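J.: Here it is, the structure in full.
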Amino acid sequence: MTTQATVGKSTILSAMLLVGGTCIGAGMLANPIATGIGGFFPSLISMFISWFLMTSTGLMLLEVCLWMKDESAHIITMSSRILGNTAKIVAWVLFCFIAYASLISYTAGGGKQVALALSSALDTEVSITLGCTVFAVSLTMMVYAGRVLLGGLNGFLFAAMVSAFLLLTVVGSREVEFDYLTHTRWSRTLFALPILVASFHFHSLVPSLVPLLQSHPKFLRLSIIGGSVLTFICYLVWQVLVLGTVPAEGPGSLMEAYQLGETPIEVMRASTQSEWIGVAARYFAFFALVTSFLGMSLGLFDFLADGLKWKKVGWRRIALIVLIALPSIYCAVNYERAFYVALETSGGFGDAVLNGLMPVMMVWVGRYRLGYNSNTMFFGGRFWLSVVFVGFLVTVCMEAIEQFM
């Protein structure tokens, strides 16, 4: 307890912002288009359900972390100790799936932004292929350069992203047409769950918060709930801005943007014809994608090095960068609508299982079979564990229907 007392308010705030920063990123670009087809109020319900489900399993994962004596234990170790070797293998596969699906979506979205910027600067058309290549290679080289440079760059980019978002909020609020927010298509409510689940992903960060906050249960719980609430508020404001300035159907609509795989940036600029909104949205989109890509690629870099038992030096360090960049570029360039499909599948299948179903199973087995009863983070018994489990099963089913039927 003496060490726990040394945790300061700034550290708690830092942990809270880490959770929020991990969530807020490319989801800001995908959410309004993918969920707005159903209308503002159906998307709001879907967003609340996703927030509740992902925050609940984040707390469950934290509870399991605190059961472990080793503060460095992560999802692989936890799943192996509580659910067995089969769960360990599943966790390995799904972690790679989520990481690559996320990087593909970031590369697809970021590549378009880079291609547009280069086309404007060079006064000639630049292909999406070149845009995706420049985006992924330049950012993975930042990972190659090391954590010190990467940390400073990421801090600057996050501050720039927040500044652009604030400008966008101030300018965009003047253009909101509240009639647009009354559109409803309730049949799409549950189909929005997969991409929203991916947008509230912060679970890979949870084991890192434990040593940061010195295993203090109250502070850890506060950081997760506070960070996820911050994310929810940002998403809510963003939904109002986009869905209030772009019609749901017809030319230049959310439906058309979804079918073409476009981000809200193009449709907002075309719908409002506001130069300020176009500039602010363009910068916000770029910074959101870059910060998301850097965080996920760094995690995958360390994960691959550990899994392959490679030291991160020499040709192996270069090979790790190639393993990250090449698949991301190839899939982003060659698969239409890669931005949305990658986010939907990572949320509907990857996040729903690895960060949804598995934390519920670990807490259930830990509490009711192995006798762990300390540091309860998720205040719910068998009933609420079952509710959350069913919620993620529904998410998986919605994604399966969307992809295969």
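The values are calculated or read from the model by the stated rules, or taken from the named source; none is laboratory data. If you're wondering where the values come from, they're calculated on a predicted model, not measured in any experiment. All Cβ positions, glycine included, derive from the backbone under ideal geometry; neighbour counts span all protein chains shown.
J.: Give me a count of the residues in the range 352-375 that are modelled with pLDDT under 85 and surrounded by 15 or more Cβ atoms within 10 Å (Cβ to Cβ). Before you say what the answer is, go through the steps one by one.
T.: Of the range 352-375, the ones modelled with pLDDT under 85 are 373-375.
Add one more test, that the residue is surrounded by 15 or more Cβ atoms within 10 Å (Cβ to Cβ), and what stays is 375.
Total meeting the criteria: 1.
J.: If you don't mind, another one. Here are the criteria: (1) closer than 22 Å to Ala352 by Cα; (2) outside any helix (DSSP H, G or I). Tell me which single one Pro194 does not satisfy.
T.: (2)
J.: Any residue that is assigned to a helix (DSSP H, G or I) and hydroxyl-bearing (Ser, Thr, Tyr) - is there at least one of those in the range 58-76? Spell out the reasoning first.
T.: At the first step, the residues of the range 58-76 found to be assigned to a helix (DSSP H, G or I) are 58-67, 75-76.
With the extra rule that they be hydroxyl-bearing (Ser, Thr, Tyr), the set shrinks to none.
There is no residue in the range 58-76 that is assigned to a helix (DSSP H, G or I) and hydroxyl-bearing (Ser, Thr, Tyr).
J.: OK, next. Counting only residues that are free of Cβ contacts under 8 Å to residues at least 12 places away in the same chain, assigned to a helix (DSSP H, G or I) and not β-branched (Val, Ile, Thr), how many does the range 266-299 have?
T.: As a first pass, look at the range 266-299 and keep what is free of Cβ contacts under 8 Å to residues at least 12 places away in the same chain: 266, 273, 275, 279.
So of that shortlist, the ones also assigned to a helix (DSSP H, G or I) come out as 266, 275, 279.
Then keep just the ones that are not β-branched (Val, Ile, Thr); that gives 266, 275.
The total comes to 2.
J.: Sort through Val246, Val279 and tell me the only one that's at pLDDT 75 or above, surrounded by fewer than 19 Cβ atoms within 10 Å (Cβ to Cβ) and not aromatic (Phe, Trp, Tyr). Reasoning before the result, please.
T.: On the way: Val246 fails: surrounded by fewer than 19 Cβ atoms within 10 Å (Cβ to Cβ).
From the options Val246, Val279, the qualifying one is Val279.
J.: Filter the range 300-321 for residues that are at pLDDT below 80 and either on the phi > 0 side of the Ramachandran plot or not in a helix (DSSP H, G or I) (or both) and give the result.
T.: Lys309, Lys312
J.: Another question, then. Anything in the range 67-94 that is buried (at least 21 other Cβ atoms within 10 Å of the Cβ) and either more than 15 Å from Gly356 (Cα to Cα) or of a type outside the set (A, V, I, L, M) (or both)? List them, or say none.
T.: The answer is Ser79, Ile82.
J.: With respect to the numbered conditions (1) surrounded by fewer than 24 Cβ atoms within 10 Å (Cβ to Cβ); (2) closer than 20 Å to Cys23 by Cβ; (3) touching a residue at least 12 places away in the same chain (Cβ under 8 Å), which one is the sole condition not fulfilled by Arg185?
T.: (2)
J.: Give the residue, chosen from Ser208, Ser187, Ser204, that is assigned to a helix (DSSP H, G or I), farther than 30 Å from Leu62 by Cβ and modelled with pLDDT under 90. Give the steps one after another, and end with the answer.
T.: On the way: Ser208 fails: farther than 30 Å from Leu62 by Cβ; Ser204 fails: farther than 30 Å from Leu62 by Cβ.
Unique residue meeting the criteria: Ser187.
J.: Determine if the range 213-231 includes at least one residue that is touching a Leu at 6+ places or on another chain (Cβ under 9 Å) and under 30 Å from Trp276 (Cα atoms).
T.: yes
J.: Being at pLDDT 90 or above, within 19 Å of Phe303 (Cβ to Cβ) and not small (Gly, Ala, Ser) narrows it down to one of Thr86, Thr133, Thr77, Thr140, so name that one. I'd like the intermediate steps shown before the answer.
T.: Numbers: Thr86 fails: within 19 Å of Phe303 (Cβ to Cβ); Thr133 fails: within 19 Å of Phe303 (Cβ to Cβ); Thr77 fails: at pLDDT 90 or above.
Among Thr86, Thr133, Thr77, Thr140, only Thr140 is at pLDDT 90 or above, within 19 Å of Phe303 (Cβ to Cβ) and not small (Gly, Ala, Ser).
J.: So, of the residues in the range 137-179 that are assigned to a loop (DSSP other than H, G, I, E, B) and either aromatic (Phe, Trp, Tyr) or without any contact (Cβ under 8 Å) to a residue 60 or more places away in the chain (or both), which turns out to be nearest to Phe284 (Cα to Cα)?
T.: Narrowing the range 137-179 to residues assigned to a loop (DSSP other than H, G, I, E, B): 146, 176-179.
Retained after the next criterion (residues that are either aromatic (Phe, Trp, Tyr) or without any contact (Cβ under 8 Å) to a residue 60 or more places away in the chain (or both)): 146, 178-179.
Details: Gly146: 25, Phe178: 23, Asp179: 26 Å.
The residue in question is Phe178.
J.: Could I ask something else about it? Output yes when any residue across the range 257-270 is among the hydroxyl-bearing types (Ser, Thr, Tyr) and either modelled with pLDDT under 75 or more than 22 Å from Leu168 (Cβ to Cβ) (or both), and no when none is. Quick ask: steps written out before the conclusion?
T.: Of all residues in the range 257-270, those among the hydroxyl-bearing types (Ser, Thr, Tyr) come to 258, 263.
From the residues that got through so far, the ones that are either modelled with pLDDT under 75 or more than 22 Å from Leu168 (Cβ to Cβ) (or both) too are 263.
So far as the range 257-270 goes, yes, one or more of its residues are among the hydroxyl-bearing types (Ser, Thr, Tyr) and either modelled with pLDDT under 75 or more than 22 Å from Leu168 (Cβ to Cβ) (or both).
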